[in-house]
Amino acid sequence: MARQLKPFEQLPFAEVPDAPRRPHPYFAAEQRQVTVRSAHFGTVKMHVSVYGEGPPLLLLHGLMTASYSFRYVLEPLARHFTLYIPDLLGGGRSDKPRTSYGPDDLARSVGELMRELGIWGAPAIGNSMGGYLLMRLALLEPTAMHRLVNLHSPGLPTARMYALAAVAAVPPAFDGVLAALVARNAERWVHQNVHYHDESLKSREEHREYAGALTSEGGVNGLARHLADTLAVSEMRRFEQKLKTLDRFPVPLLLVYARQDKMVPPVVGERLARLVPDARIEWLEEASHFAHVDAPDAFLRAALPFLTTH
């Protein structure tokens, strides 16, 4: 008999099944290694999954996850779009160059990939850090996408972000602590740090996908740079000030936030909606920071009509 879990109650690591209980087509997608010539990162390889038919749609994952995180929305989205789902530099199966990962540099690398793929101007969905990066890309390059769904991104200073900034202030010590924590058991570390409203969706398959990036060469450094550089609170303050100067956001923007997020406080969504008055905001119940995983139907009901509007 399956264990009945309360919302966000974590299944013991030893009881996590090898295969996910909900099937998905992620491994049937075409897998590409795309060479990108980046102004900041140099010539790099970025891993991109491609799935579906129709006009292009970019899907961008967040911190510590990868293109795999979109597995449960691939089929419904692929009925309308050809999906391009990269792994960010520093994560997944993409290169992990040892350099700084400032949010504008990382956002520009996404734009550089879009140009290489020939999908400049496509609509986009970004989850978590991916949504933050795509908002910054839209500010840097207003023609990069013509419509954006931001699924529960950070991007504004909060008490949690200030605490992270204090911890990450000494890079060698911070990187060393992070490396030690991951080295104990990378899959267990993933299990403990990815939170779902329905934790029964976790599997060893997922653990392997995310832990594989951490245990690859440069993986912990990439995560540390995402935390310390990409999510730097000083950059978030600049981002907030920039939003305050805008009459309107450069592209139509849909904010989708879960009221019970354990990773980014829902107040970030409220603050973004006030800063970007022309944006729409949709609230999801019984969902997490990763609503595309544990509430895909509710997420798609909010996102698809917006994405298919011409």
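The values are calculated or read from the model by the stated rules, or taken from the named source; none is laboratory data. Note that this is a predicted model, so its numbers are computed, not measured. Here the Cβ positions follow ideal geometry from the backbone for every residue, glycine too, while neighbour counts run over all protein chains shown.
Of the candidates 206, 286, 270, 282, the single residue that is over 30 Å from residue 41 (Cβ atoms) and touching a His at 6+ places or on another chain (Cβ under 9 Å) is 286. Being under 17 Å from residue 73 (Cα atoms) and either in contact with a helix residue (DSSP H, G or I) (Cβ under 7 Å, 6 or more places away or on another chain) or surrounded by 17 or more Cβ atoms within 10 Å (Cβ to Cβ) (or both) is true of residue 293.
For the range 155-162, does any single residue satisfy the condition of being within 27 Å of residue 44 (Cα to Cα) and out of contact with any Phe, Trp or Tyr (no Cβ under 7 Å at 6 or more places or on another chain)? Taking every residue of the range 155-162 in turn, none turns out to be within 27 Å of residue 44 (Cα to Cα) and out of contact with any Phe, Trp or Tyr (no Cβ under 7 Å at 6 or more places or on another chain). Annotation note: Cβ proximity below 6 Å between a residue of the range 94-105 that is within 18 Å of residue 216 (Cα to Cα) and touching a residue at least 12 places away in the same chain (Cβ under 8 Å) and a residue that is assigned to a loop (DSSP other than H, G, I, E, B) and charged (D, E, K, R) (sequence gap 6+ or interchain) occurs for 94/87.
Would a scan of the range 273-290 turn up a residue that is under 24 Å from residue 193 (Cβ atoms), in a helix (DSSP H, G or I) and in contact (Cβ under 8 Å) with a residue 60 or more places away in the chain?
Filtering the range 273-290 down to residues under 24 Å from residue 193 (Cβ atoms) leaves 284-290.
Retained after the next criterion (residues that are in a helix (DSSP H, G or I)): none.
Within the range 273-290 (the criterion being under 24 Å from residue 193 (Cβ atoms), in a helix (DSSP H, G or I) and in contact (Cβ under 8 Å) with a residue 60 or more places away in the chain), the answer is no, since none of the residues qualifies.
Entry remark, the range 202-211: residues being surrounded by 19 or more Cβ atoms within 10 Å (Cβ to Cβ) and either part of a helix (DSSP H, G or I) or modelled with pLDDT under 95 (or both) number 5 in total. Residues that are surrounded by 14 or more Cβ atoms within 10 Å (Cβ to Cβ) and either under 20 Å from the mean Cα position of the chain (by Cα) or of a type in the set (Asp, Glu) (or both) within the range 9-30 comprise 24, 26, 29, listed in sequence order. When the residues of the range 244-271 are filtered to those that are of a type in the set (Val, Ile, Thr) and surrounded by fewer than 15 Cβ atoms within 10 Å (Cβ to Cβ), the one that is nearest to the chain's Cα centre (by Cα) is 267.
Please note which helices (runs of 4 or more DSSP H) are completely contained in the range 39-152 and include at least 3 residues that are in contact with a Gly (Cβ under 6 Å, 6 or more places away or on another chain). Let's see the steps before the verdict.
Values: elements: 74-78, 103-117, 129-140.
Where helices (runs of 4 or more DSSP H) fall fully within the range 39-152 and carry at least 3 residues being in contact with a Gly (Cβ under 6 Å, 6 or more places away or on another chain), they are 129-140.
The set of residues from the range 212-261 being in a strand (DSSP E or B) and of a type in the set (A, V, I, L, M, F, W, C) comprises 253, 254, 255, 256, 258.
Taking each residue of the range 31-60 that is without any contact (Cβ under 8 Å) to a residue 12 or more places away in the chain and looking for partners that are among the polar types (S, T, N, Q) with beta-carbon atoms closer than 7 Å, six or more apart or interchain, yields 43/35. In the set (1) hydroxyl-bearing (Ser, Thr, Tyr); (2) out of contact with any Gly (no Cβ under 9 Å at 6 or more places or on another chain); (3) surrounded by fewer than 20 Cβ atoms within 10 Å (Cβ to Cβ), residue 196 fails one condition alone, (3). The combined condition, being aromatic (Phe, Trp, Tyr), assigned to a helix (DSSP H, G or I) and at pLDDT 95 or above, is not fulfilled by residue 196.
Could you say which residue among 265, 277, 250 is out of contact with any Phe, Trp or Tyr (no Cβ under 7 Å at 6 or more places or on another chain) and modelled with pLDDT of 95 or more? The unique qualifying residue is 250. Residue 65: β-branched (Val, Ile, Thr) and over 18 Å from residue 122 (Cβ atoms), yes or no? In short, yes.
Within the range 113-135, the residues that satisfy the criterion of being on the phi < 0 side of the Ramachandran plot and surrounded by fewer than 22 Cβ atoms within 10 Å (Cβ to Cβ) are 115, 116, 117, 119, 120, 122.
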